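So the structure is just underneath, and the comments pick up after that.
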Protein chains: 2
Amino acid sequence: MSRDYAYAYSKNSDDIPGIGQYDDFHTIDWQRDIARDRMRHRYIVKKKHDSMWDLIKGAHDAWSGWLCVLFVGLFTGVAAGVIDIGASWMTDLKFGICPQAFWLNKEQCCWSYNETTFDGGNCSQWWTWPEVFSQSKTGAGSYVISYMFYIAWALLFASLSASLVRMFAPYACGSGIPEIKTILSGFIIRGYLGKWTLIIKSVGLILSVSAGLSLGKEGPMVHIACCIGNIFSYLFPKYGRNEAKKREILSAAAAAGVSVAFGAPIGGVLFSLEEVSYYFPLKTLWRSFFCALIAAFVLRSINPFGNEHSVLFFVEYNKPWIFFELVPFVMLGIMGGIIATLFIKANLYWCRYRKTSKLGQYPVTEVLVVTVATAIIAYPNPYTRMNTSQLIYLLFSQCGVSNADMLCDYDRNFTDVNSAIEIAAAGPRVYQAVWLLVLALILKLIMTIFTFGMKVPCGLFIPSLCLGAIMGRIVGIGMEQLAYKYPHIWVFSEECSTGVDCITPGLYAMVGAAAVLGGVTRMTVSLVVIMFELTGGVRYIVPLMAAAMASKWVGDALGKQGIYDAHIGLNGYPFLDSKDEFQHTSLAADVMQPKRNEALNVLTQDSMTVDDVDTLLKETEHNGFPVIVSRESQYLVGFVLRRDLNLAIANARRLMEGITGQSLVIFTSGSNVQTHGPPPLKLKKILDMAPITITDQTPMETVVDMFRKLGLRQTLVTHNGRLLGVITKKDVLRHVKQLDNEDPSSVLFN
Amino acid sequence: MSRDYAYAYSKNSDDIPGIGQYDDFHTIDWQRDIARDRMRHRYIVKKKHDSMWDLIKGAHDAWSGWLCVLFVGLFTGVAAGVIDIGASWMTDLKFGICPQAFWLNKEQCCWSYNETTFDGGNCSQWWTWPEVFSQSKTGAGSYVISYMFYIAWALLFASLSASLVRMFAPYACGSGIPEIKTILSGFIIRGYLGKWTLIIKSVGLILSVSAGLSLGKEGPMVHIACCIGNIFSYLFPKYGRNEAKKREILSAAAAAGVSVAFGAPIGGVLFSLEEVSYYFPLKTLWRSFFCALIAAFVLRSINPFGNEHSVLFFVEYNKPWIFFELVPFVMLGIMGGIIATLFIKANLYWCRYRKTSKLGQYPVTEVLVVTVATAIIAYPNPYTRMNTSQLIYLLFSQCGVSNADMLCDYDRNFTDVNSAIEIAAAGPRVYQAVWLLVLALILKLIMTIFTFGMKVPCGLFIPSLCLGAIMGRIVGIGMEQLAYKYPHIWVFSEECSTGVDCITPGLYAMVGAAAVLGGVTRMTVSLVVIMFELTGGVRYIVPLMAAAMASKWVGDALGKQGIYDAHIGLNGYPFLDSKDEFQHTSLAADVMQPKRNEALNVLTQDSMTVDDVDTLLKETEHNGFPVIVSRESQYLVGFVLRRDLNLAIANARRLMEGITGQSLVIFTSGSNVQTHGPPPLKLKKILDMAPITITDQTPMETVVDMFRKLGLRQTLVTHNGRLLGVITKKDVLRHVKQLDNEDPSSVLFN
């Protein structure tokens, strides 16, 4: 039995160097990698009793998964802390500097000298650029100088970021989530998670965020975490040398990335599970949670936001929501879905244009133009000038005693800090703020369409949240004023007639933010959990869920794909979505290659010479060949990979004597069939004796299910035991595209 | 193409009544059921354009999943509310009654008359039984009367519960989670989720909880929710008539069950995902979340606990935890793992004894004896006398101004309500409480071992939490006194030297509770999330996680299985755990039936007569038969189920003329082979032309993976296209048991 077993696994043997590895831009074979890992594991368990050293090695192997995710969590937390601190310092650098200690950002600068009157703008330790140069604090000249400095710094940062990406790590651009989804589904993109990508992406991210572009650092954080995961996995051969196992670490790293991006460990794990991961055994769930928690814990210890709460946009509202409010919340969801679809379609159109036109050849110029445009338009409007995260926080928050923004210019007087906030008419500055917010909404939407997809690191979470928050806040102010003016119509009568503020515009901003983000990414549970962790608002799960649901449905009705799936399609990656259902009625026979009147390229088990095989290898480009009993009977024996065949023949030619072009290539284990010619080349050890086969009558939905769940690269199609053809992942993807009336040739890789 | 496809699906046709259903105690065929559903879906989509009525039917079909989980959520919430209210009223009935309004429980009784001095015990509206009968409030006589009433009520409730279960719904006993896990993995147990089980389980649960037995109502709540899910699924043929689709609703229902049991919707979804579900597409995740949220929302509106928080054991501690405390937390985890393993082993031993001895024949007597024993021992100790949930809440909570229990008898004086709680020496009553708690721990552990598995509805969550909370509180008090006595040793020096209470014994109770529950059930992420939602303690995820991890590792090291898996094994259900890894090196050839020198029972495609088939059906008990080209060539054509074959032959005999025992049974679609005999019986439409096949060299780990991921009932083993044998789920399970040195014949079902 164990001898047979060894044969069955001999395809995984490391006898011939290079066997078991993958080429760039190829799909991995999950079953083979997992089998390889189990064999390695059994070997270690068996050897454990041999010596003390083997025992230690065994223990190290058992712990290595946990150790690896521990490191990944620790370093992800540190990286996030560094990026947060760097981005916050450089964002403030656009406005001014702390002369006594230039390494402090505005907030720290004012704090460090115990200035208690720091309220959003003025503190004598912090010098704006006009102050530095002309010592004048007001006047039109000062405004122009500030404006100029703002644009100049933005240009500097953006050009640095774009040049770094262009020169050192082209993979560092974009959000990285579409690629990570593809990689996790079992695809090889060499260098995408390498150390250069990590370094350039981190630096470039700080720069492009500081440049004031309409982008966020949350999506790229997932990419950065995955780079860290990939790099650390090489410390542990169990993961580094096994692509399938490595993806377990990458799943955990993705969870850690979201965890540090939003301070949401549970949301991170669910994001990894729902959105990016493909193969997610439950063991990984627990490890991902650990990794996400460590990362969040480290980040909280670094405390880059300088507040006590571990959440980014901590809010606390006085009032619960009214049941009737579900109507505006669902409306927000619908609007969010529409805005999101608009954004996806426009962005996709622009990205396709970039790919096909000359524009794609000047990435740095494009970044500079967009930066200048963004800076010029953004500066005059205070809501677009400020950091996007700050804007979101402002929009989420409730107007209280301490809030001096013009959004809170209500005609109310606070007599007591603790008493309930009374409902009041909006002052003129609120209306002004609403108009500025409408402008900001339009501007952010347009700028984000042009920004996402440029060759700098750029994420989409924060701009989406911001769009939604603006929309929600405007609707919220509208609802609030409605309740103030008509407190006695039945929907408000129970809660609003007491004179207390019954509508919280900040909550609407939160719900709107969830709606747009949900529409753009099509996240569901993870979105609600992230929002809930992000804001600490346990009571508002139902409104968030209602909006997220409405937004997803509207989005799905208007355009099938979320932004990440759309970008995967744009790049032609071979991603077989595990969420889509295969809705068509084709059979395996309709999809398999070759078609009816073509010949199938096969090997026979014992009648082909080395020259025959060489010819076959030269004339075809298939990644593997089925092995059959004979050309007459066509009964299937096994499957051989092109790569293995190439390596084995080259190896034999180099090492074995007597192998000529006339040598028979033999895949059977039978006794030495001594022919009169040169010695045969025995290749049974590279033959996969257990290929997955299906019959030609198998419905394609079952085939797609098998590709997804078993992680296949190809399957062999038989009828009554005879081989008819092969179906590869590319065939399946092209077939799906064809049935969806899309261009099947847009699937580029195998 | 579509004609071929129709053939491929003809196995699912409803031409012959009864085809496509399953027998009791059989495994379902996931692939077939899902394919059936997709075909139905396509049919509806195609017909949608025909008429208005079809359009409405199409829309109803699209919505039915959401509608169904909405109903399930609503009714689960209501059921949980009724059970909570009923159990709370009847638990208090053991102690006394509200004479003015007998339907109120003690708390409501005291509240309803605006008595403000209700502090845990005394309110003039509530009459204890001695008061009702003798008007005396104190004295030994009164104690004895109370004791007697307590035992009498307990006996009454328990006997009622056990008799109801015995008479009307034997499936209503136990927690139900092992069976639900098995059912969700694709097994049929008729009546297990029926309306009688629902009614009797609900009533029996109220009674058995009120009887003061050491059991909880949280596990059975999952069973009750699944019953509701099953019943509502029959309103929607999409789910009611398709076992695979029905399991999507059941997964959502399980999430709703945990959601109402603990007020933890996110935890519920993760519990369903991690612990009970098997086939969990991401679509189900979102729907489960919706269902869990609706259920929690309804329950919160009913508000059976009468407090503002939606969480069961809401706690708020003043102090965060110190880093050093991770050491005792991990220690608690280890202790929790040990206690849990002890419990599992002892309980399993007792359950096996019950199954094999005469004891199993007297379930009602057993319940009565255990009830009397529990009541007699529990009453004198105040901590065992009180409701287990109340005890857990007390142990979790922090000693504050309002807490008058003897656990809080510290030598401190509260001068200001708002100021920090100073650290203080424990008073004598605290030590007394500790001794009582030690007694309670031992008692609860022993009583729970005997209780879990009795023929009454009984859950394990609350007793496990309680054991852990007692253990944790004791350790916590120890740590607190250590910090009080030695505030200057380095581990405490930073936090504890200020005189403020730095150690919160309640937090230790919480961590201990998580540890024992984790050890007993082997839950991980869902446990942490449930505990976090249960207590509202966001800050304590790290300690909870440390303890849960330690406990799981210790548990896994000491005994392989959690309590649910152990009970599944005890009952011989065919459950193929998707978490275990298959660690052995066997090949498909080693596992398949028949063994080397037995004959394989097969059908040929066109050479057997009806009599031959009848003989085969009579002589064998297989659930299906492979169809081959001919006995000589053995090339595989397809697979036929015994049930379908029986039905088809019976149907043909009834309806078709000329069918005799000599009629050929033909599985091909070829032209009418007109023989000289009677007309042939064409059975191509019941032939599965796309059976899943593997080669004999396939490693068993791949086979097990395919069984799990594709949800197979059997797979056919071939070699070079020839059929060698069959592997059924039972074969796989028996093989796994054999390799684990367990009794393979303990797997009872197929």
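Table for the structure above
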| item | result |
| --- | --- |
| Axis proximity, chain B to A: residue whose C-beta lies nearest, plus whole-Å distance | B:GLY721, 1 |
| Proportion of all alpha-carbon pairs of chain B beyond 51 Å (%) | 24 percent |
| Shielding score for B:542-555, defined as the mean number of other chain Cβ atoms within 10 Å | 1 |
| 15 Å cut-off, amide nitrogen to a point 7 angstrom out along B:LYS195 Cα→Cβ, residues in segment B:232-252 | B:232-236 |
| Magnitude of the charge dipole, chain A, Cβ model with Lys/Arg +1 and Asp/Glu -1, debye to 20 | 1760 debye |
| Helical mean residue ellipticity (222 nm; -39500 (n - 2.57) per DSSP H run of 4+; nearest 500) of chain B | -18500 deg cm²/dmol |
| Residue order, fewest to most surrounding Cβ atoms within 10 angstrom, among A:LYS618, B:LYS684 | A:LYS618, B:LYS684 |
| Burial ordering of B:TYR143, B:TYR508, fewest other beta-carbon atoms within 10 Å first | B:TYR143, B:TYR508 |
| Inter-chain Cβ neighbour average for residues B:506-513, partner chain, 10 Å | 0 |
| Of the DSSP H helices in chain A, those whose Cα atoms cover at least 20 Å axially and whose Kyte score averages 0.5 or more | A:52-93, A:140-168, A:195-210, A:218-233, A:243-262, A:282-302, A:326-356, A:363-378, A:428-451, A:461-485, A:505-521, A:541-558 |
| Charge dipole of the protein assembly as shown about the Cα centre (unit charges at C-beta), most positive-ward option of A:GLY81, B:ALA588, A:CYS466 | B:ALA588 |
| Compactness relative to 2.2 N^0.38 Å, alpha carbon Rg of segment A:588-746 | 1.13 |
| Position A:GLY141, label points 7 Å along Cα→Cβ, spacing to each other copy in nm (shortest first, one decimal) | 10.3 |
| Qualifying lysines (Cα of each under 21 Å from Cα of A:LYS485; at least 8 residues distant if same chain) | A:LYS319 |
| Among A:LEU215, B:ASN303, B:PHE396 - extreme Cα towards positive end, dipole of the protein assembly as shown, charges at beta-carbon | A:LEU215 |
| Residues B:TRP111, B:TRP103, sorted so that the one with the fewest Cβ neighbours within 10 Å comes first | B:TRP103, B:TRP111 |
| Cα-centre dipole for segment B:588-746 with unit charges at Cβ (Lys and Arg positive, Asp and Glu negative), debye to 20 | 420 debye |
| Listed residue pairs exceeding 22 Å between alpha carbons, taken from A:LYS560/A:LYS595; B:LYS181/B:LYS618; A:LYS217/A:LYS444; A:LYS283/A:LYS552 | A:LYS560/A:LYS595; B:LYS181/B:LYS618; A:LYS283/A:LYS552 |
| Using a Förster distance of 56 Å, the FRET efficiency for A:LEU342-B:SER134 (Cβ separation, nearest 0.05) | 0.10 |
| Trypsin sites (Lys or Arg not before Pro) restricted to segment B:625-672 and DSSP loop, no more than 11 other C-beta within 10 Å | B:ARG631 |
| Dipole magnitude of the protein assembly as shown about its Cα centre (Cβ charges: Lys, Arg +1; Asp, Glu -1), debye to nearest 20 | 2600 debye |
| Net length gained if the chain between B:TYR234 and B:LEU617 were fully extended (0.36 nm per residue, minus Cα distance) | 134.6 nm |
| Label distances, nm, A:TYR234 versus same residue in remaining copies, Cβ-directed 7 Å point | 6.2 |
| Gain on full stretching of the segment that runs from B:ILE376 to B:SER124 - 0.36 nm per residue minus C-alpha separation | 88.0 nm |
| Peptide A:682-695, shielding by other chains (average Cβ, 10 Å cutoff) | 4 |
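Bear in mind these aren't lab numbers, they're just calculated from the coordinates by the rules spelled out. What you see is a predicted model; the values in this text were computed from it and never measured. Cβ sites come from the backbone with ideal geometry, for glycine too, and all protein chains shown count toward neighbours.
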